[in-house]
1. Just the residues that are in contact with a Ser or Thr (Cβ under 9 Å, 6 or more places away or on another chain) and in a loop (DSSP other than H, G, I, E, B), please, taken from the range 51-74.
2. Can you tell which of Arg156, Arg139 is at pLDDT below 80 and in a loop (DSSP other than H, G, I, E, B)?
3. If the Cβ limit is 8 Å and pairs must be 6+ apart or interchain, which residue in the range 16-36 that is farther than 23 Å from Arg70 by Cβ pairs with which residue that is open to solvent by 60 Å² or more (accessible area, probe 1.4 Å)?
4. Check Ala11 against each of (1) closer than 30 Å to Ser86 by Cα; (2) at pLDDT below 90; (3) small (Gly, Ala, Ser) and name the one condition it does not meet.
5. I'm trying to understand the selection: among the residues of the range 89-103, which are of a type in the set (Gly, Ala, Ser) and farther than 24 Å from Thr120 by Cβ?
6. Go through (1) at pLDDT below 95; (2) open to solvent by 80 Å² or more (accessible area, probe 1.4 Å) one by one and return the number of the condition Arg40 breaks.
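The values are calculated or read from the model by the stated rules, or taken from the named source; none is laboratory data. These numbers come from a predicted model, not from an experiment. Positions of Cβ are backbone-derived with ideal geometry, glycine not excepted, and every protein chain shown enters the neighbour counts. Ligands, DNA and RNA are stripped out before the accessible areas are found, and what is left, the full protein with its side chains, is counted by its heavy atoms. Shrake-Rupley method; radii C 1.70, N 1.55, O 1.52, S 1.80 Å.
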Amino acid sequence: MGVTDRSLLSAVGIARSTYHYQLNAMKRPDKNAPLLELVREAFENSKRRYGYKRIRLELKSMGVGVSAKRVMRLMTSHGLVPLFRSAKRYSSYKGELTKAPKNLVNRDFHAERPNMLWVTDLTEFSIPAGKAVPITGHRLLRRASGRVDDRHEPER
């Protein structure tokens with residue numbers, strides 16, 4: 001019963017070069033083994049509380065430069081999961097506190113005479129001192145040409 005490598009590989013559908021490459025790859029040492037030992041040591045020193053981000057910072061402070069993705073991959077593949085999940089961040093957002101005002105203009109920006117229709121735009125953005133809400137009022141009036149004039153002109 002002469003079963004050879006070639007007959008077995010052709011039955012499985014694997015190329016001979018792929019078979020020998022995998023044999024040699026299994027003999028090679030694991031390139032993550034030294035790093036895994038450092039990750040385990042840092043994880044145990046943190047009393048199993050640190051996640052991959054803080055473990056990476058610990059490794060960085062030890063002088064080991066490694067990406068956070070690599071640390072995360074090693075920790076998840078070897079079951080190094082923190083005991084506690086991180087606390088949820090505080091958020092004071094309570095949803096919409098007031099109802100939106102009625103749309104009185106209904107996208108019809110036609111004004112018969114000056115100062116009849118004013119529209120505004122509220123835009124909120126964050127700055128280092130806190131949140132800022134610039135409020136700009138636009139006076140809309142219709143010119144003789146029928147075009148809406150929304151330029152800021154001084155009162156006459």
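1. Residues of the range 51-74 that are in contact with a Ser or Thr (Cβ under 9 Å, 6 or more places away or on another chain), as a first pass: 51-52, 54-56, 58.
Answer for the range 51-74, where residues must be in contact with a Ser or Thr (Cβ under 9 Å, 6 or more places away or on another chain) and in a loop (DSSP other than H, G, I, E, B): just Gly51.
2. Numbers: Arg139 fails: in a loop (DSSP other than H, G, I, E, B).
Answer to the selection: Arg156.
3. If the second residue must be open to solvent by 60 Å² or more (accessible area, probe 1.4 Å), the pairs left are Arg16/Asp5; Arg16/Arg6; Tyr19/Asp5.
4. Condition (1) is where Ala11 drops out.
5. Within the range 89-103, the subset of a type in the set (Gly, Ala, Ser) is 91-92, 95, 100.
Within the range 89-103, Ser91, Ser92 qualify.
6. (1)
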